[in-house]
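What follows is a set of notes on a single structure, which appears directly below.
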Amino acid sequence: MAETFDRPEIRTPENLVYSKTNVLTDNIMHYCPGCGHGTTHRLLAEVIEEMGIQSETIGIAPVGCSVLAYNYFDVDMQEAAHGRAPAVATAVKRLFPNKFVFTYQGDGDLAAIGTAETIHACNRGENMTIIFVNNGIYGMTGGQMAPTTLPGMPTSTSPYGREVATMGNPLKITELIAQLPGTYYVTRQSVHTPANVRKAKKAIRQAMENQKLNRGLSFVEVVSNCNSGWKLSPVKANKWMEDNMFPFYPLGDIKVNGELVK
Amino acid sequence: MAKVVGDIVIDIERCKGCEVCTTACPQDVIAMASEVNGKGYHYAMKVNGNCIGCSNCAVVCPDAVITVYRAKI
Ligand SMILES: Cc1ncc(C[n+]2csc(CCOP(=O)(O)OP(=O)(O)O)c2C)c(N)n1
Ligand code: SF4
Ligand code: SF4
Ligand code: SF4
């Protein structure tokens, strides 16, 4: 038999330092290999487990690749029409003010068809959490240009790259909503390296904890990859993201405790 | 001084062969198998016994494939 490098003698409960959270179901996620949606789901599920709020959490799923999020989170979930998750979440939170309510949305869902719902929920200061996965593209439908697509970035509907003169400027919706008085916490994270994952998890935890304060909306953008849409391997896509997405969408806190950073 | 040793368990049928864990490991413990799993993916496997149980591989895995143990011996 080939050498296995296993150490069965240390596989005991007291030595366990990482295992899949039970707030994720055992369903295998349909996401492409290496897609940040999986990692972002996992972090949110881990936060829900660590806060002990599994039975107190209600999630709103979007339209986009994460349309089936309700198959993966073992919490109460409601599907919303495309872009309408913040409106549905508003109703849920107002009916159940003591529940922890989140929306989980892509950039097409949140910053294109759902721009109105996003901005007004943020401006009203709904006391909920928005998790916004920005991969600069419409992943689910075949990699079309999104409002978030970078200048010069090729997509299936801008095959020569986004030309700002004819196709307009990318929308930094996260900076935009940070200006609104209703947002309490606004941050931009990524989940492509261990250090970034650990930071993003802290941010998601903060965004969920903030719901206890009743001070407004907490918004976590995760700049993520779309390996299939970008037509790169996962490892190359993560590198491309560092080189191209992060200069335009810099990581870090934008608004903390209701105050703009800097 | 106590030495820290680690071990990982890879649920190979859940692995999608994305290779993100291989670049995250400081000890170069993980590489991709030449064989494929039931879904046709070249799955992650251990190629040495140098794991220190840091969990880096597990925290970047989008599919929660890896379980990590860490012990002082
Ligand atoms: C009313 C309506 N318009 C358009 C669509 C087609 N559609 C499905 S998903 C999607 C965009 C998804 O992109 P994004 O929100 O960025 O999520 P991703 O798939 O990249 O995670 C569109 C336009 C739809 N399902 N419903
Ligand atoms: S199409 Fe893009 S966003 Fe959708 S699952 Fe695949 S990599 Fe992820
Ligand atoms: S736990 Fe750390 S050392 Fe062990 S395989 Fe994973 S990344 Fe490598
Ligand atoms: S990160 Fe997870 S899914 Fe990707 S190759 Fe490693 S174990 Fe497999």
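The values are calculated or read from the model by the stated rules, or taken from the named source; none is laboratory data. The structure presented is a predicted model; accordingly, all values stated were derived computationally and were not measured. Cβ: placed from backbone, ideal geometry, glycine included. Neighbour counts: every protein chain shown. Calculation scope for accessible area: heavy atoms of the full protein, side chains included, ligands and nucleic acids excluded. Shrake-Rupley method; radii C 1.70, N 1.55, O 1.52, S 1.80 Å.
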Whichever residue in the range B:23-50 is at the interface with chain A (Cβ under 8 Å from one of its Cβ atoms) and open to solvent by 20 Å² or more (accessible area, probe 1.4 Å) and, among such residues, is farthest from ligand 2 (Cβ to nearest atom) = B:49
Here are B:38, B:53, B:17, B:49: which of them is within 10 Å of ligand 4 (Cβ to nearest atom) and outside any strand (DSSP E or B)?
-> B:17
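Table: residues versus (1) in a loop (DSSP other than H, G, I, E, B); (2) modelled with pLDDT of 95 or more; (3) under 30 Å from residue A:96 (Cα atoms).
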residue	(1), (2), (3)
A:187	no, yes, yes
A:200	no, yes, yes
A:204	no, yes, yes
A:209	no, yes, yes
A:214	yes, yes, yes
A:219	no, yes, yes
A:239	no, yes, no
A:247	no, yes, no
Which members of the range A:29-86 meet the condition of being within 16 Å of ligand 1 (Cβ to nearest atom), buried (at least 19 other Cβ atoms within 10 Å of the Cβ) and β-branched (Val, Ile, Thr)?
-> A:39, A:40, A:60, A:63
Which one of the conditions (1) touching a helix residue (DSSP H, G or I) at 6+ places or on another chain (Cβ under 6 Å); (2) farther than 30 Å from residue A:50 by Cβ does residue A:154 fail to meet, given that it meets all the rest?
-> (1)
For the range A:114-131, state whether one or more residues are of a type in the set (S, T, N, Q), assigned to a helix (DSSP H, G or I) and within 15 Å of residue A:207 (Cα to Cα).
-> no
For the range A:231-242, enumerate the residues that are of a type in the set (A, V, I, L, M, F, W, C) and open to solvent by less than 30 Å² (accessible area, probe 1.4 Å).
-> A:237, A:241
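Residue-by-condition table, conditions (1) surrounded by 23 or more Cβ atoms within 10 Å (Cβ to Cβ); (2) closer than 30 Å to residue B:59 by Cα; (3) more than 16 Å from ligand 3 (Cβ to nearest atom); (4) of a type in the set (Val, Ile, Thr):
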{"position": "A:137", "(1), (2), (3), (4)": "yes, yes, yes, yes"}
{"position": "A:142", "(1), (2), (3), (4)": "no, yes, yes, no"}
{"position": "A:152", "(1), (2), (3), (4)": "no, no, yes, no"}
{"position": "A:160", "(1), (2), (3), (4)": "no, no, yes, no"}
{"position": "A:174", "(1), (2), (3), (4)": "yes, yes, yes, yes"}
{"position": "A:180", "(1), (2), (3), (4)": "no, no, yes, no"}
{"position": "A:190", "(1), (2), (3), (4)": "yes, yes, yes, no"}
{"position": "A:205", "(1), (2), (3), (4)": "no, yes, yes, no"}
{"position": "A:223", "(1), (2), (3), (4)": "yes, yes, yes, yes"}
Here is a list of conditions, (1) within 16 Å of the chain's Cα centre (by Cα); (2) within 14 Å of another protein chain (Cβ to nearest Cβ); (3) of a type in the set (A, V, I, L, M, F, W, C); (4) assigned to a loop (DSSP other than H, G, I, E, B), and residue A:28 meets all of them except one; can you say which number that is?
-> (1)
Can you tell me how many residues in the range B:51-73 are within 25 Å of residue A:190 (Cβ to Cβ) and within 9 Å of chain A (Cβ to nearest Cβ)?
-> 16
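Per-residue answers, yes or no, for (1) touching a strand residue (DSSP E or B) at 6+ places or on another chain (Cβ under 7 Å); (2) under 24 Å from residue A:212 (Cα atoms); (3) modelled with pLDDT of 95 or more; (4) more than 16 Å from ligand 2 (Cβ to nearest atom):
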residue	(1), (2), (3), (4)
A:9	no, no, yes, yes
A:22	no, yes, yes, yes
A:27	no, no, yes, no
A:37	yes, no, yes, no
A:42	yes, yes, yes, no
A:61	yes, yes, yes, no
A:67	yes, no, yes, no
Do we find that residue B:9 is facing chain A (nearest Cβ under 8 Å), open to solvent by 20 Å² or more (accessible area, probe 1.4 Å), in contact with a strand residue (DSSP E or B) (Cβ under 8 Å, 6 or more places away or on another chain) and not in a loop (DSSP other than H, G, I, E, B) in this structure?
-> yes
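Yes/no matrix, rows are residues, columns are (1) basic (Lys, Arg); (2) closer than 21 Å to residue B:22 by Cβ; (3) under 14 Å from the mean Cα position of the chain (by Cα):
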residue	(1), (2), (3)
A:4	no, yes, no
A:14	no, no, no
A:23	no, no, no
A:34	no, yes, no
A:48	no, no, no
A:66	no, no, yes
A:70	no, no, no
A:76	no, no, no
A:79	no, no, no
Restricting attention to the range A:243-257, report how many residues are buried (at least 17 other Cβ atoms within 10 Å of the Cβ) and either within 14 Å of chain B (Cβ to nearest Cβ) or over 19 Å from residue A:207 (Cα atoms) (or both).
-> 2
